[in-house]
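The values are calculated or read from the model by the stated rules, or taken from the named source; none is laboratory data. Here the structure is a predicted model, which means the values were calculated and not measured. Here the Cβ positions follow ideal geometry from the backbone for every residue, glycine too, while neighbour counts run over all protein chains shown. Protein only, heavy atoms only, side chains kept; ligands, DNA and RNA dropped before computing areas. Shrake-Rupley method; radii C 1.70, N 1.55, O 1.52, S 1.80 Å.
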Amino acid sequence: MGDVADKLAYFQAITGLEDPDLCTEILAAHGWDLELAISSFTTTTAATTTTDTNNNNHDDDVNLQSISESEPPLPPPPPGLAWKLIKLPISVISGSLGLVSGAIGLGLWAAGGVLSYSLGFVGLGSGSSSSSPSASSSPLVSVSAATTEAMQFVAAFERDYGTTTKPNFVSEGFMDALQRSRNSFKLLFVYLHSPDHPDTPLFCRRTLCSDVFVEFVNQNFVCWGGSIRASEGFKMSNSLKASRFPFCALVMAATNQRIALLQQVEGPKSPEEMLVVLQRVLEESSPVLVAARLDAEERRNNARLREEQDAAYRAALEADQARERQRREEEERFAREAAEAERKLKEEEEARERAAQEAAEKQAALAKLREEKAQSLGEEPEKGPNVTQVLVRFPNGVRKDRRFNSTVTIQSLYDYVDSLGLLEAENYSLVSNFPRVVYGQEKLTQSLKEAGLHPQASLFVELSS
């Protein structure tokens with residue numbers, strides 16, 4: 001139980017303490033571990049309360065009035081199904097076998113009286129004080145211990161009576177078995193095993209392991225068994241006030257963490273006698289079980305309907321959110337594309353401006369260079385014996401001629417070509433045809449006369465690849 005109020009209410013119901021502040025303080029001291037708090041409380045108080053509890057409540061609460069098929073001098077069972085409630089929190093009956101949250105609301109109330117047990121004699125009672133004087137102060141059984149005891153009982157029963165034909169005893173504690181029966185909308189068949197009783201072996205072989213009984217009980221009930229030698233089986237025998245063995249009982253979960261004791265059968269019985277009792281109880285409890293099943297199905301259907309409605313709402317909400325996200329993403333994409341286009345346009349504009357500026361600067365540099373080279377040539381000399389006439393042919397067919405002093409270098413011819421501004425290429429060579437001579441870098445320092453170009457020369461511009 002995860003709810004603090006439920007834990008507080010159960011602790012008050014179990015311990016009998018009415019002061020909520022005191023109960024809250026005790027639970028808080030044990031970290032709100034209900035089982036640990038109950039165990040601590042009972043361990044410290046049981047020694048002083050057991051005697052008074054046994055004296056005060058023996059006559060009123062110990063004798064559980066249940067419908068049983070027992071031998072004389074016990075009175076015969078009254079007609080019809082007598083519902084009697086053992087007013088015990090489920091966790092207490094199982095000896096702290098684990099607290100479960102809630103019992104199914106079946107509305108089963110006692111026809112023969114509601115008996116309240118206090119924690120001082122939970123699972124022990126006044127009748128067990130003489131046979132087990134130390135049981136009242138023993139700590140409650142843990143879940144793991146209860147499961148272990150159940151597994152040991154099943155293993156021992158199968159070892160003694162076989163595994164082929166037998167009731168399907170669950171290998172779990174009483175509380176878990178009761179929870180299982182509630183979830184499956186079945187009654188819980190309880191068998192308390194007394195290994196030392198002389199009637200036990202015959203009852204187990206002829207009744208419990210008979211084909212007709214096994215088929216009926218496995219089909220209609222959840223079966224739980226426990227040995228009275230074990231802690232949980234012993235406490236259950238005291239809680240159910242088992243006076244004779246073999247002992248069987250039919251119980252079911254009721255409201256407010258109570259257990260409805262529907263029928264108990266004491267003493268050896270034949271399979272036919274057992275089936276009569278089980279069939280009668282099953283028929284009389286069938287309306288309650290059916291109502292509980294229908295109620296549970298209705299709750300499941302309502303829960304499923306709510307889940308479907310919630311799922312449809314979530315789907316619609318997710319669709320709206322998806323459309324909104326898509327709209328925002330589209331807007332963001334358009335904004336990014338517009339920004340990117342603007343950025344590219346700006347970059348292209350800047351690139352064009354830079355290119356134009358660089359071209360202008362280059363043209364200015366070339367113009368300046370041509371001017372400087374033209375100035376470096378000086379005035380064109382008049383014709384004379386030391387003057388060389390040079391003709392230069394360009395790739396586009398243009399021809400240019402000029403007179404140079406025979407003492408100027410080949411470099412002056414290149415300066416002359418550059419100063420004209422007729423070439424876009426920067427790499428070229430001046431070449432003569434007959435004979436073919438390339439006036440390259442190695443001949444730039446030769447004079448025209450030394451290069452054999454005096455008194456006249458015809459050259460053409462050869463562009464470098």
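Where strands (runs of 3 or more DSSP E) fall wholly inside the stretch 153-272, the ranges with 3 or more residues that are in contact (Cβ under 8 Å) with a residue 60 or more places away in the chain and not hydrophobic (A, V, I, L, M, F, W, C) are 221-227, 259-266. Within the stretch 426-458, the only residue that satisfies the criterion of being loosely packed, with under 15 Cβ neighbours inside 10 Å and among the hydroxyl-bearing types (Ser, Thr, Tyr) is Thr445.
Taking the stretch 8-22 as the search range and keeping residues that are part of a helix (DSSP H, G or I) and touching a residue at least 24 places away in the same chain (Cβ under 8 Å), which one is farthest from Leu36 (Cα to Cα)? Checking each candidate, the answer is Ala13. The sole residue among Ala356, Ala374 that is more than 30 Å from Asp401 (Cα to Cα) and more than 36 Å from the chain's Cα centre (by Cα) is Ala356. Look at Ser239 and say whether it is open to solvent by 10 Å² or more (accessible area, probe 1.4 Å) and among the polar types (S, T, N, Q). Against the criterion (open to solvent by 10 Å² or more (accessible area, probe 1.4 Å) and among the polar types (S, T, N, Q)), Ser239 does not qualify.
If you go through the stretch 371-395 one residue at a time, how many are surrounded by 15 or more Cβ atoms within 10 Å (Cβ to Cβ) and touching a strand residue (DSSP E or B) at 6+ places or on another chain (Cβ under 9 Å)? Result for the stretch 371-395: 9. Taken together, Ser130, Ser138, Ser126 contain a single residue that is modelled with pLDDT under 50, small (Gly, Ala, Ser) and open to solvent by less than 30 Å² (accessible area, probe 1.4 Å), which is Ser126.
Which residue is nearest to the chain's Cα centre (by Cα), if the candidates are limited to the stretch 219-266 and must be among the hydroxyl-bearing types (Ser, Thr, Tyr) and over 23 Å from Ser171 (Cβ atoms)? Filtering the stretch 219-266 for residues that are among the hydroxyl-bearing types (Ser, Thr, Tyr) and over 23 Å from Ser171 (Cβ atoms), the one nearest to the chain's Cα centre (by Cα) comes out as Thr255.
Tell me, which residue of the stretch 4-39 that is closer than 19 Å to Arg258 by Cα, out of contact with any Phe, Trp or Tyr (no Cβ under 8 Å at 6 or more places or on another chain) and of a type in the set (D, E, K, R) is most open to solvent (accessible area, probe 1.4 Å)? Out of the qualifying residues, it is Asp6.
When Leu289, Leu305, Leu275 are screened for being surrounded by 14 or more Cβ atoms within 10 Å (Cβ to Cβ) and modelled with pLDDT of 90 or more, only Leu275 passes. Every condition in (1) within 30 Å of Arg206 (Cα to Cα); (2) open to solvent by 60 Å² or more (accessible area, probe 1.4 Å) is met by Lys344 except one, and the failing one is (1). One residue stands out among those in the stretch 420-461 that are within 24 Å of Asn386 (Cα to Cα) and among the small types (Gly, Ala, Ser): the one that is nearest to the chain's Cα centre (by Cα), which is Gly440. Residues in the stretch 242-272 that are open to solvent by less than 20 Å² (accessible area, probe 1.4 Å) and of a type in the set (Asp, Glu): 1 in all.
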